[in-house]
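Report on one structure; see the data block that follows.
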Amino acid sequence: MGPLLCLLSAACFGAMAIFGKLAYDARVELGDLLLLRFALAAALLLAVARATGALRGLPRRSIAAGLAMGGIGYATQSGLFFGALERMDASLLALILYVYPALVTIAAIALGRERASTRRITALLTASAGTTLVLGGATSGALDPLGAAMGLGAALAYTIYIIAGDRVGTRISPIALAALVCTGATCTFAIASAVRGGPRLGFEPAGWTWVVAVALVSTVGAILLFFAGMAQVGPSAASILSTLEPVVTVALAAATFGESLGPIQLLGGTLVLSAAAVIQWPARSLELAASDQQL
């Protein structure tokens, strides 16, 4: 069940770009989509955390860290991701975003949390080559420079979020952290909404379907499935299984919107996903056992 739960989580995350595109088609504005996504997700996750006692006895420092991760890190990543989604194909954006495992490895090595190795350096070079092919092989019109920059910015913001979460996550349970992160992001987008005059909820009724889908399927469901799967297979294997996410996005985008990637982009995407798996694959089975013990 562990691998199956992780794959289901990746599928839920992979569908998020599709739900977002459909929400835009129903005239849901970017700021309202982000606010409603995190507000609904936070309400449900806080209820789960309260029911399980995950929030009981948390130190103020951990609460503040979790809220900051959501209000700054995750809010920035989501804003850039959905902003880029307004300007470019979902399939192309998914491949650009998935450069983040390489960025996480670079940051971890630079901060001294991991050691450089031939395997990691090879994977980084492979990911860089793949990203170059993805960005340079656009076949459906000119590549939107701002959209691509926002996609890469989302990958960078997600990298910082993961590096910060690596430390915060050792002091707080996953469910409590997820609830705090979504609450922090809700606060950020609520403030942004107030500045621009409040939410505009006059979009088409179908928009609510896709907003709820983003919140329930691609936020609450995806996070809880990932935590449940990781508890059984360990963090390394769970990360490897998450490489299914952009594959799902590309497949759903082709089926829903008729999006297609050229041969060069497909090759680049394959290189990016391969590098992500190689970077996170344990060099020895002992490393995976050690990760399981830490979890």
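The values are calculated or read from the model by the stated rules, or taken from the named source; none is laboratory data. Bear in mind that the values here come from a model prediction, so they are computed numbers and not experimental data. Note that each Cβ is placed from the backbone with ideal geometry, even for glycine, and that neighbours are counted across all protein chains shown.
Here are the numbers for the structure shown:
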| item | result |
| --- | --- |
| Residue match in the range 39-62 (condition: modelled with pLDDT of 90 or more, touching a Gly at 6+ places or on another chain (Cβ under 8 Å), closer than 22 Å to residue 193 by Cα and of a type outside the set (Phe, Trp, Tyr)) | no |
| Among residues of the range 177-206, those that are of a type in the set (Gly, Ala, Ser), more than 17 Å from residue 80 (Cα to Cα) and touching a Leu at 6+ places or on another chain (Cβ under 7 Å), counted | 2 |
| Filtered residue count, the range 165-206, keeping only those that are over 23 Å from the mean Cα position of the chain (by Cα), loosely packed, with under 14 Cβ neighbours inside 10 Å and not hydrophobic (A, V, I, L, M, F, W, C) | 7 |
| Residues being in a helix (DSSP H, G or I) and either closer than 17 Å to residue 227 by Cα or among the β-branched types (Val, Ile, Thr) (or both) - total across the range 15-39 | 1 |
| Unmet requirement for residue 253, which otherwise passes all of (1) modelled with pLDDT under 75; (2) under 30 Å from residue 26 (Cα atoms); (3) not charged (D, E, K, R) | (1) |
| From the options 42, 23, residue that is closer than 23 Å to residue 89 by Cα and surrounded by 24 or more Cβ atoms within 10 Å (Cβ to Cβ) | 23 |
| Within the range 119-144, considering residues that are more than 20 Å from residue 155 (Cα to Cα) and modelled with pLDDT under 70, the one surrounded by the fewest Cβ atoms within 10 Å (Cβ to Cβ) | 142 |
| Output for the range 153-164, where each listed residue is among the aliphatic types (A, V, I, L, M) and either modelled with pLDDT of 90 or more or buried (at least 21 other Cβ atoms within 10 Å of the Cβ) (or both) | 154, 155, 156, 157 |
| Single residue of 122, 105, 76 found to be among the polar types (S, T, N, Q) and over 26 Å from residue 180 (Cα atoms) | 122 |
| Only one of 90, 84 that is closer than 25 Å to residue 272 by Cβ and touching a Lys or Arg at 6+ places or on another chain (Cβ under 6 Å) | 90 |
| Any chance residue 94 is among the small types (Gly, Ala, Ser), in contact with a Pro (Cβ under 8 Å, 6 or more places away or on another chain), within 30 Å of residue 32 (Cβ to Cβ) and at pLDDT below 90 | yes |
| Check on residue 222, modelled with pLDDT of 80 or more, in contact with a Ser or Thr (Cβ under 9 Å, 6 or more places away or on another chain) and small (Gly, Ala, Ser) | yes |
| Filter result (modelled with pLDDT under 70 and aliphatic (A, V, I, L, M)) within the range 235-249 | 237, 238, 240 |
